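Have a look at the structure below, then the notes.
Any read-out appearing in this document is the output of simple, stated calculations on the displayed coordinates, not a laboratory observation. Worth saying up front: this structure is predicted, and the values here are computed from it rather than measured. Reconstructed Cβ throughout: ideal geometry from the backbone, glycine too, with neighbour counts over all protein chains shown.
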Amino acid sequence: MGEKIWIFDTTLRDGEQSPGFSMNVEEKLRMAAQLAKLNVDVIEAGFPISSEGDFEAVKAVAQNIKGPVICGLCRLLKIDIDRAWEALKYAQRARIHVLGCGSDIHLQYKLRTTREQMIQDSIEAVKHARSLCDDVEFSPEDATRADGDFLCQLLEAVIDAGATTVNIPDTVGYITPGEFGALIRTLRERVPNIHHARISVHCHNDLGLGVANMLAAIENGARQVEGTINGIGERAGNAALEELIMALKVRANYYGHYTDIVTEEIYKTSRLLGSITGIHVQPNKAIVGDNAFAHEAGIHQHGVLSNPITYEIMTPQSIGLPRNRIVLGKHSGRHAFAKRLEDLGYELTKDEINRAFSRFKDLADKKKEIFDEDLEAIVEEQLSSVADVFMLEYIHATTGNQTVPTATVRLRREDVVLQDAAIGDGPVDAAYQAIDRITGIPGRLIDYQIKAVTSGKDAIGEVHVKVQFNGDAASGKAASTDVIEASAKAYLNAVNKVAFRAKRGKQP
Ligand SMILES: [Zn+2]
């Protein structure tokens, strides 16, 4: 049966820190709960000293998520490590991840220090981390461009100091599979105490080789891999964990190793990340793309119908792709509705179900078939709404190729009804201008995305926005069969986050 490969998920740390993917505490918690269902071995929840928000997120994940090891990143500094432990100490199982430096390029230009000093600082940091926590991972940043002798010395020193996992990051996505396999083999041959630690690899996709590099490392003795769901991450992203996991599973006859992942949760995990961040994978994305299991060519369809094995190397069920996508309609009852939400992985209170059910009934009046994606859109919107400072009561927009786009908006703020109208270069712009005039919180739209949640002319439109307000930025989302309404609500969702923060004086 081979050996177990540890799956270390850094979606909430390395993934989250890339542009467009930031998540608040509540969103990180929801994502972490799903990662626990997927049964990853380690969740790296954040970089606690980097911000108050990151600290709170790591702490919340440590307090609430059971199962996986909860990990936080820190530099070699004592204050970093203490701060990380402050957040991690609540976890059932915790890991401190200390980040040193491997390459001369980073030593000279980033840290302005020497190899000798790096070894000393790393030993001290690992020792300090071990005095707090039994499970300590050490990573020399940019290891794939490091001098081989130095890398061996550094790893030997940190393992002696108590590191239980040594991670080799290809920080800049530079290495190729053959070289990476050879590097891991060399470390196993030349670092005398290497068997006291688990070897891990952390791969980036700058050359599209992240997963291939991980597989080469596994073939040469690595037993932990670090990546993200959907391959999100800085620049071209991190290696996509779902691809690595399914490669090991589908080609178990070749690799001979296994993971503890519940692969049937892969699809749901990928979808949840997409709906939280508003960035979905491309249709041809391996494993989780919309077309990954679609057979278009007639000759392929014929083969698949007579036996799926003709063109499918894995089944859609193995990643948890829902079979029957039409789920509910106008006449579905509350019970069927609640059951379906449960199947989709949502654990809602009675009150939340009731609110979602009334949105569902409204939607069913406008749209014949309700798909899983529609339900997700309803629930996601509900869960992402903060305590609303402003509520949309009414919107009317006119547009056309011969008229000036105009919008009239009525909002409610507690018991006060506020109304205004504005013109714009389109109906969405006009609606946003009107909202700005009412709220007195002018925003600049940084990003606007609209997407049909399902197929069909009656599909729900889901709008994601990022808005820069005076000194504060927020994202917002909303869904409706009317895209102008969805656009206004998404913008208002962002306004409400900022207004709510201002009211409470801190981040939600
Ligand atoms: Zn990275």
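For this structure, a couple of remarks:
- The lysines within cross-link reach of Lys497, meaning a Cα-to-Cα straight distance under 19 Å and a gap of 8 or more places when in the same chain, are Lys28, Lys466, Lys477, Lys489, Lys506.
- The chain: projected area of the alpha-carbon convex hull, averaged over directions, in nm²: 26.8 nm²
- Shown here for the stretch 1-100: trypsin sites (Lys or Arg not before Pro) in loop regions (DSSP other than H, G, I, E, B) with at most 14 other Cβ atoms within 10 Å, namely Lys66, Lys89.
- Dipole magnitude of the chain, debye to nearest 20 (Cβ charges: Lys/Arg +1, Asp/Glu -1, about Cα centre): 940 debye
- Residue-count net charge about Asp365 - beta-carbon cut-off 14 Å; Lys, Arg +1, Asp, Glu -1: +1
- Beta bridges per DSSP with both ends in the chain, % antiparallel, nearest 5: 50 percent
- Taking the DSSP beta bridges with both ends in the stretch 111-260, the antiparallel portion is around 10 percent.
- Dipole of the chain, positive end: most advanced residue of Thr315, Ala452, Leu305 [Cβ charges, Cα centre]: Ala452
- Farthest positive-ward along the stretch 165-209 dipole, Cα basis, beta-carbon charges - from Ile168, Ala197, Gly178: Ala197
- Neighbour count of at most 12 Cβ within 10 Å plus DSSP loop: longest GluC sites (Glu not before Pro)-free window in the chain: 4-295
- Straightening the chain between Val404 and Gln468 buys 20.4 nm, computed as 0.36 nm per residue apart minus the Cα-Cα spacing.
- Gyration tensor verdict on the stretch 389-493 (Cα atoms; rounded if a/c is under 1.5, prolate if a/b is larger than b/c, oblate otherwise): rounded
- When only the Cβ of Lys, Arg, Asp and Glu is charged (+1, +1, -1, -1), the dipole of the stretch 214-369 relative to its Cα centre reaches about 700 debye.
- Take every pair of alpha-carbon atoms less than 8 Å apart whose residues are at least six positions apart; their mean separation over the length of the chain yields a relative contact order of 10 percent.
- Under 17 Å from the Cα of Lys457 - lysines, other chains or at least 8 residues apart: Lys366, Lys367, Lys368
- Scattering from the stretch 139-234 was approximated by placing one identical point on each alpha carbon and applying the Debye formula without solvent; log10 I(q)/I(0) at 0.17 1/Å stands at -0.65.
- Long pairs among Lys4/Lys66; Lys66/Lys110; Lys59/Lys110, criterion Cα-Cα beyond 25 Å: Lys66/Lys110; Lys59/Lys110
- When only Cα pairs below 8 angstrom with a gap of at least 6 residues are kept, the stretch 81-210 shows a relative contact order of 24 percent.
- Förster radius 51 Å - calculated FRET efficiency between Val416 and Ile79, Cβ distance, rounded to 0.05: 0.60
- The stretch 374-423: C-alpha gyration tensor shape, a/c 1.5 cut-off, then a/b vs b/c: oblate
- Residue-span extension gain [Asp458 to Met391] - 0.36 nm each, minus C-alpha spacing: 21.6 nm
- Cut-off 14 Å between beta-carbons: net charge of the residues surrounding Lys489, Lys and Arg +1, Asp and Glu -1: -3
- Whether the stretch 205-273 is rounded, prolate or oblate, judged on the alpha carbon gyration tensor where a/c under 1.5 counts as rounded: oblate
- Put the Cα centre of the stretch 252-273 next to the Cα centre of the stretch 427-462 and the gap is 36 Å.
- Computing FRET efficiency as 1/(1 + (r/R0)^6) for Leu207 and Arg501, where r is the C-beta to C-beta distance and R0 is 60 Å, gives about 0.90.
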